[in-house]
Amino acid sequence: MTHVLTDTLFMTQRHFRNLLRQPAWILISLVQPVVWLLLYGALFRKIVEIPGFGAGSYIDFLTPGIVVMTCLFSAGWSGMDLIEDIDRGVIDRFLVSPASRSSLIAGRLVQGAIVGIIQSVIIVVLGLIVGAEYPGGVAGIAALTICAVLLGTGVGALSNAIGVLSRRVETMVAVSNFVLLPLTFLSSVFMARALMPGWMQSVATYNPVEWAVNAGREGLASSPDWGVVLSRMGWLALFTLVCTWLATRAFRVYQKSI
Amino acid sequence: MDNAIEARGLVKTYRGDVRALDGVSLAAETGSVFGLLGPNGAGKSTAVKILTTLSRPDAGEAFVAGHDVLRHPARVRLAIGCVAQKSGLDLQATGRENLLLQGRVYGMRGGVLRSRAQELIERFGLSDAADRVVKGYSGGMQRKLDVAVGLMHRPQVLFLDEPTTGLDPEARVDMWSEIARLAGDEGLTILMTTHYLEEADSLARRLAIVDRGKVVAEGTPDELKGELRGDAIVVELEEQVLDGEVRRALDTVPELYDVAVEARTLRARADSGARSVPAVLAALEAEGVRVASVTVSRPSLDDVYLQYAGRAFSEADQEAKRP
Ligand SMILES: Nc1ncnc2c1ncn2[C@@H]1O[C@H](COP(=O)(O)OP(=O)(O)OP(=O)(O)O)[C@@H](O)[C@H]1O
Ligand SMILES: [Mg+2]
C-alpha cells in the first residue's frame, strides 16, 4: 500500500515537472481563464437584468462558473499525455518494472488536481480584482475548489480511459470537442438555470458540471445552504469514483492488448 | 540454476488471427548472451514481452531467473531489466531524471540511487548530456540511455530488443563491447534480439532463429554454420536473366549445390569456392551471361538463415512490410 502511495508521488512529480517544462502550456492555461472571465463577463453583463435571473452582479455569478469550466477543460485533455506515453513506450517500461499499476493513472489525476487547485485560486483572485464579491468567504471558496477539482478528477479519469482505449490523438480531440462545450452550456455556468428551456433544465439535473457550479455558487452565497453544497459534493465524489473505476478497467483492456 | 531463461511451447495470438508465437521454446544459460534472430514480424518482440511479464501467452510456460513468469510476475520484474524496441524514455525529462525515477520505482533511495545513476552516466559516456532534456539527444545517445535505464537496479537478467538498430557503426561497436562486458564481467544473462547476423555471431553463445512464430534453428553460431557445407558463392549479374537458363548452364559444374537466382543475384554453395568459381564463370560466359562481380565467403549466419527459413532476410522483411 505504501508502495502505491510512493509510486503515485513519483509519477505525480514526473507529470508536474514535465508540465512546468512547457511554458506555452502554462501561458495558455493562465491566459485562457482571464480571457473567459473578461470576455464573457463583458458580453453577458446585461443578462442579470432579465427578470428572474436571480443575481445582482454578473461577475459574481460568472466567476464560480469559470472556475468549474477551467477545471473541466484542462481535465478533458488529460488523456492526450497518456496516449503519448503509450506511443513512446513509457507505459510499457513501467509495466515491466515493479511500479504500482494504479500509480500510472493516479499520478496523472493527482497532478491534475493540484493544477486544478492552483487554477481555481488564481481565478478567484482574478474575480476579486475585476469586482466579484464572495459573501460565503473562505469556506465557500474551499467548497467551490473542492467541487471543481472533484469534477476535474472524474473527467480526467474518463479522458484517460478514452485515451487508453482509442490510443489516437484524433479521437481524443474529437470526443473532447464534442463533449466539453455542450456540457458547459447544459449547465448554469453562463446562464441562470431558471432561464433555461425546460428540457435543458432537466438535462442539467444530471450534469456533473451543473452539480459543481451549483454547489460552488451556493457556498459563495451570503447564507449558504450547506445541505445543497454537501449533497452535490457527494454526487461529485461518486462520479469521480465511478470514472476512476472505468479508467482502471480501460487500462486493463490495454494491458491485455499488448 | 543452469538456465536463467527458459520457455516452453509459447503461443500468442493477437486479435485478427495473428499468430505471433506458434510454440516457441528456448533456453539461455545463466551468464551468457542468447541471440534471437528473425525477420520483421517473426515474433521476437512478442517473445520478449512474454518473458518480461508485459503480456501473457495463450499457452506454454516460461521461467526467468528461476521464477515462473505467469505465477510470480512480481518476482520476475525485480530480477530483470528490459530495453524494449520502442525506447520508453521520458523525453521531457533529463537523462539523470530518467535514471532516478527508474531507480525509485525499484525502491532505490538516497545516496545509493544517486551514485548508481552517476555511475551509469559515466559508464555510457553521457556525462555532458546527463542534465539535458532527452528530447535533444541523438538516436545513439537515447539508445545508450535506454540500456543504462534498464541496468539501473542491477538486474540479473537483461532483455535487449534490437539494442543496436539505428546506431552508427561506431556506436554499434561500443554497444557490442558493453554487452560483452555485462555478460562477461558482471555475469548477467542477456537475451538480445537483432537483425544483424554478424552481431549475433560475435556476441551470442547460443542463438535461435525464429520465423513466423516458430523457432526454425537453434544452437551455437558454429553449430549452425557447421551444418552448412562448403562456401557461399554470390555472383552479381549485369542484367536480369531467367532462372531456368542459368540453372541449366550451371548443371554441368561439379561440386555446386543450392543454386538460386533472385533478380540479378545468383547464389550457390560449393565444397570449395576457389575451385568452383572459374567453372561457374566459364559456364555463365558460355551462356552469354555477363558478370558484374563475384564473392566467395565462408558460411555466414545469413546463409544459415536462408537455409532454414528458405528466404533471405531482405525478402522476408519486404514481405512483412506488405499490407
Ligand atoms: N499488440 C499487438 N497487437 C496485435 N498484433 C501484434 C501486437 N504485437 C505484435 N503483433 C503482431 O505479431 C506479429 C509478431 O510481431 P513482433 O513484434 O513480435 O515481431 P518482431 O519479430 O519483433 O518484428 P520486428 O523485427 O519488426 O520488431 C506481427 O505480425 C505483429 O503485427
Ligand atoms: Mg520487434
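The values are calculated or read from the model by the stated rules, or taken from the named source; none is laboratory data. In this text the structure is predicted, and so the values were computed from the model without any measurement. With ideal geometry, Cβ positions are generated from the backbone for all residues, glycine too; neighbour counts draw on all protein chains shown. The protein model used for the area step is the full one, side chains on, heavy atoms only, and it has no ligands, DNA or RNA in it. Shrake-Rupley method; radii C 1.70, N 1.55, O 1.52, S 1.80 Å.
Please indicate, with yes or no, whether at least one residue in the range B:185-204 is of a type in the set (F, W, Y), within 16 Å of ligand 1 (Cβ to nearest atom) and in contact with a Cys (Cβ under 6 Å, 6 or more places away or on another chain). No, because not a single residue in the range B:185-204 is of a type in the set (F, W, Y), within 16 Å of ligand 1 (Cβ to nearest atom) and in contact with a Cys (Cβ under 6 Å, 6 or more places away or on another chain).
Going through (1) away from chain A (no Cβ under 14 Å); (2) open to solvent by 20 Å² or more (accessible area, probe 1.4 Å); (3) touching a strand residue (DSSP E or B) at 6+ places or on another chain (Cβ under 6 Å) one by one, B:N40 falls short only on (3). Take the residues in the range B:165-196 that are polar (S, T, N, Q) and surrounded by fewer than 22 Cβ atoms within 10 Å (Cβ to Cβ); name whichever of them is nearest to B:P39 (Cα to Cα). Ranking the qualifying residues of the range B:165-196, first place goes to B:T165. Among the residues of the range A:108-116, are any within 14 Å of another protein chain (Cβ to nearest Cβ) and in contact (Cβ under 8 Å) with a residue 24 or more places away in the chain? Yes: one or more hits.
Taken across the range B:220-234, residues that are surrounded by fewer than 17 Cβ atoms within 10 Å (Cβ to Cβ), within 30 Å of B:D22 (Cα to Cα) and at pLDDT 90 or above do occur, with at least one present. Just name the residue that is farthest from A:P98 (Cα to Cα) out of those in the range B:69-88 that are facing chain A (nearest Cβ under 7 Å) and surrounded by 19 or more Cβ atoms within 10 Å (Cβ to Cβ). Selected residue: B:S87.
Counting only helices (runs of 4 or more DSSP H) that fall entirely inside the range A:143-258 and contain at least 3 residues that are small (G, A, S), the qualifying elements are A:198-205, A:208-220, A:226-257. Taking the range B:1-28 as the range and being within 17 Å of the chain's Cα centre (by Cα) and either surrounded by fewer than 23 Cβ atoms within 10 Å (Cβ to Cβ) or away from chain A (no Cβ under 14 Å) (or both) as the test, the residues that pass are B:I5, B:V24, B:S25, B:L26, B:A27, B:A28. Exactly one residue out of A:M233, A:M172, A:M196 is of a type outside the set (S, T, Y), more than 20 Å from A:S78 (Cα to Cα) and modelled with pLDDT under 95: that is A:M196.
Output yes when any residue across the range A:120-135 is closer than 20 Å to A:H15 by Cβ and within 12 Å of the chain's Cα centre (by Cα), and no when none is. There is at least one residue in the range A:120-135 that is closer than 20 Å to A:H15 by Cβ and within 12 Å of the chain's Cα centre (by Cα). Among the residues that make up the range B:52-62, is at least one of them touching a residue at least 60 places away in the same chain (Cβ under 8 Å) and either farther than 19 Å from A:R88 by Cα or away from ligand 1 (no atom under 13 Å from the Cβ) (or both)? No, because not a single residue in the range B:52-62 is touching a residue at least 60 places away in the same chain (Cβ under 8 Å) and either farther than 19 Å from A:R88 by Cα or away from ligand 1 (no atom under 13 Å from the Cβ) (or both).
Consider the range B:23-44. How many of its residues are more than 16 Å from ligand 2 (Cβ to nearest atom), more than 18 Å from B:D201 (Cβ to Cβ) and either in a strand (DSSP E or B) or in contact with a helix residue (DSSP H, G or I) (Cβ under 7 Å, 6 or more places away or on another chain) (or both)? Looking only at that region, the number is 4.
The rows are residues; the columns are (1) surrounded by 22 or more Cβ atoms within 10 Å (Cβ to Cβ); (2) in contact with a Phe, Trp or Tyr (Cβ under 8 Å, 6 or more places away or on another chain); (3) touching a residue at least 60 places away in the same chain (Cβ under 8 Å).
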| site | (1), (2), (3) |
| --- | --- |
| A:A204 | no, no, no |
| A:E210 | yes, no, no |
| A:N214 | yes, no, no |
| A:G227 | no, no, no |
| A:L230 | no, no, no |
| A:G234 | no, no, no |
| A:W245 | no, no, no |
| A:R249 | no, no, yes |
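Applying the set (1) among the small types (G, A, S); (2) away from chain A (no Cβ under 14 Å); (3) surrounded by fewer than 16 Cβ atoms within 10 Å (Cβ to Cβ) to B:G60 leaves exactly one unmet item: (3).
Taking the range B:239-275 as the search range and keeping residues that are in a loop (DSSP other than H, G, I, E, B) and over 17 Å from B:V291 (Cα atoms), which one is least open to solvent (accessible area, probe 1.4 Å)? Going through the qualifying residues, I end up with B:S272. Taking the criterion of being of a type in the set (S, T, N, Q) and either closer than 24 Å to B:R181 by Cα or part of a loop (DSSP other than H, G, I, E, B) (or both), the only residue of the range B:1-22 that qualifies is B:N3. Restricting attention to the range B:108-117, does a residue exist that is away from ligand 1 (no atom under 13 Å from the Cβ), within 12 Å of another protein chain (Cβ to nearest Cβ) and in contact (Cβ under 8 Å) with a residue 40 or more places away in the chain? Within the range B:108-117, one or more residues are away from ligand 1 (no atom under 13 Å from the Cβ), within 12 Å of another protein chain (Cβ to nearest Cβ) and in contact (Cβ under 8 Å) with a residue 40 or more places away in the chain.
Quick check: anything in the range B:277-297 open to solvent by 20 Å² or more (accessible area, probe 1.4 Å) and modelled with pLDDT under 80? Checked the range B:277-297: no residue is open to solvent by 20 Å² or more (accessible area, probe 1.4 Å) and modelled with pLDDT under 80. What about B:G81, is it more than 16 Å from ligand 2 (Cβ to nearest atom) and either free of Cβ contacts under 8 Å to residues at least 60 places away in the same chain or outside the structural domain of B:T193 (by TED's automatic domain parsing) (or both)? Against the criterion (more than 16 Å from ligand 2 (Cβ to nearest atom) and either free of Cβ contacts under 8 Å to residues at least 60 places away in the same chain or outside the structural domain of B:T193 (by TED's automatic domain parsing) (or both)), B:G81 does not qualify. Taking the range A:126-154 as the range and being free of Cβ contacts under 8 Å to residues at least 12 places away in the same chain and over 13 Å from A:G216 (Cα atoms) as the test, the residues that pass are A:L128, A:I129. When you scan the range B:45-78, how many residues do you find that are within 16 Å of ligand 2 (Cβ to nearest atom) and assigned to a loop (DSSP other than H, G, I, E, B)? Here the count works out to 3. Residue pairs whose Cβ atoms lie under 7 Å apart, separated by 6 or more positions or on different chains, with the first residue in the range A:68-87 and over 30 Å from A:E218 (Cα atoms) and the second open to solvent by 10 Å² or more (accessible area, probe 1.4 Å), are A:G79/A:I162; A:M80/A:V169; A:D81/A:R108; A:L82/A:R108; A:I83/A:R167; A:I83/A:V169; A:I86/A:R167.
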